[in-house]
Amino acid sequence: MSTVARPLAPGADVPLLAVDGISLSFGGVKAVTDISFAVRSGEICSLIGPNGAGKSSLLNVINGVYRPQRGRVVYDGVAAARITPRRAARSGIARTFQNVALFKGMSVLDNVLTGRNLQVRAGWFRQVLGLRAAREEADGHRRKAEEILAFLHIQAYRDTPVGKLPYGLQKRVELARALAAEPRLLLLDEPMAGMNLEEKMDMSCFILDINRDFGTTVVLIEHDLGVVMDISDHVVVLDYGRKIADGAPAEVRDNPDVIAAYIGSAH
């Protein structure tokens with residue numbers, strides 16, 4: 001896979017997401033300190049850094065799992081010192097997790113359908129009675145889920161319990177569930193962790209396709225620098241909870257602070 005300059009979506013100069021002076025501590029331990037960066041609409045932004053740099057904590061602030069002590073998140077022009085996960089989901093932010101968080105006893109299709117939860121308009125009363133409008137809506141959600149399964153090449157596993165799938169496919173199902181919410185902003189926490197080279201290449205291509213075909217803005221955490229340099233428009237580097245670099249992949253790759261952080265983590 002080679003680095004290719006890709007046109008950004010209309011309005012790409014306007015940040016869809018801005019992280020403004022975020023600081024987060026747990027007790028006396030600082031997870032992130034005064035972090036600021038912006039993600040333009042339509043780009044792929046990678047958060048990188050050694051283990052413990054604060055990357056996952058920052059994603060948890062963006063989608064409302066954690067409340068920062070200082071700073072704010074500006075999403076689609078709206079600033080908020082505090083956002084809940086439900087509000088984040090309703091506003092078009094979807095998330096996958098470092099550890100697969102699926103319903104292992106449910107089928108692939110049913111797991112993906114749970115991602116349509118906030119799209120349901122028919123009330124429970126209509127659903128219980130099986131009224132026509134509710135049936136038609138349910139059929140629409142199922143069609144959308146099937147389209148996503150086909151897009152990610154996992155339609156053959158639609159009826160398989162997720163717990164019986166290999167790890168790489170489970171990660172793809174989790175991505176499918178996030179896509180089912182039709183997000184504008186997709187947060188991916190180590191989507192390629194534990195994958196072999198072929199699985200990483202497949203996942204990289206899917207992320208590029210999601211960005212291009214759906215116009216979805218992507219923020220992802222990834223440790224494989226080769227992958228990061230190939231698929232990213234923009235890279236933010238954290239080390240010990242502080243931002244040490246922010247820019248295009250080539251700039252970040254040659255930044256002496258970034259080189260020192262990675263060499264230091266290797267030692």
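Just so you know, all these numbers are worked out from the coordinates, no wet-lab data involved. These numbers come from a predicted model, not from an experiment. In this analysis, Cβ positions are derived from the backbone assuming ideal geometry, glycine residues included, and neighbour counts consider all displayed protein chains.
Here's the list of lysines a cross-link from Lys171 could span, going by alpha-carbon distance under 22 Å and ignoring same-chain residues fewer than 8 apart: Lys55, Lys104, Lys144, Lys200. Length gained on full extension, Lys104 to Arg212, computed as 0.36 nm times the residue gap minus the Cα-Cα distance: 35.8 nm.
Modelled spin-label separation between Ala248 and Ser25, with each label point placed 7 Å from Cα along the Cα-to-Cβ direction: 3.9 nm.
Just grab the label-to-label distance for Arg90 and Asn117, each label 7 Å out from Cα along the Cβ direction, in nm (one decimal). Result: 1.4 nm between the two label points. With the highest mean first, a sort of the peptides 67-77, 250-260 on other beta-carbon atoms found within 10 angstrom per residue produces 67-77, 250-260.
Highest mean packing comes first when the peptides 104-114, 171-181, 44-54 are listed by Cβ atoms within 10 Å, giving 171-181, 44-54, 104-114. Across the alpha-carbon set of the chain, the Rg to Rh ratio works out to 0.98, Rh being the Kirkwood radius.
The Kirkwood hydrodynamic radius of the range 160-267, based on inverse pair distances between different Cα atoms, is 15.2 Å. In percent, rounded to a whole number, the relative contact order of the range 189-247 is 28, using alpha-carbon pairs under 8 Å and six or more apart. Length available on full extension from Asp230 to Asp159: 0.36 nm per residue minus the Cα-Cα distance, which gives 22.2 nm. Placing a pseudo-label 7 Å from each Cα along the Cα-to-Cβ vector at Val74 and Glu182 gives an inter-label distance of 2.8 nm.
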